[in-house]
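Asks: What follows is a single structure, and I will ask about it in a moment.
The values are calculated or read from the model by the stated rules, or taken from the named source; none is laboratory data. All values derive from a computational prediction rather than experimental measurement. Positions of Cβ are backbone-derived with ideal geometry, glycine not excepted, and every protein chain shown enters the neighbour counts.
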Amino acid sequence: MLVVLLVAGGLILSKGLSSATLFYKNADEAVAQKAQLGQKRFRLQGIVNSTPREGTGSVEFTVAYNGVAVDVLHTGSEPALFKPGLPVVVEGHWDATAPRFDSDRLLVKHTENYKKVNDPNYGKKHPDRVPPTQKAAGAAG
């Protein structure tokens, strides 16, 4: 009886883990493995190398990796930082009727380069933000 329970538990755990895991493919890998991937859901990563074209509730763009480009049709929300030249990860599957990737989740990797603001008109341009000089004065006092 215990052996049957252990085997059943192992099968359930194995099935749950395999279906819960989404794997990443670079654009060049995804194109090379398109036949094997079929309609399976996965994450595609690359650099946005075209200007996104807005549609009705969707956006079209191209991502590339190692010189291989993939057309993407994304439905759903898009991050504020989304623009050409940034690395992205789109989640979805290959379209069955068109040579593109259909996405419903879009993640943007932003740079870690932060700029120091030395603009004397910063407060006028961004009245909703506290200028850096006031932050420093407030922290000291």
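Asks: Quick check on region 43-58: of everything there that is part of a strand (DSSP E or B), surrounded by fewer than 18 Cβ atoms within 10 Å (Cβ to Cβ) and not charged (D, E, K, R), which residue is modelled with the lowest pLDDT?
Replies: Ser58
Asks: Here is a follow-up. Hey, can you tell me all the residues within region 59-88 that are farther than 12 Å from Val108 by Cβ, in contact with a helix residue (DSSP H, G or I) (Cβ under 8 Å, 6 or more places away or on another chain) and either acidic (Asp, Glu) or not in a loop (DSSP other than H, G, I, E, B) (or both)?
Replies: Ala64, Tyr65, Val68, Ala69, Val70, listed by residue number.
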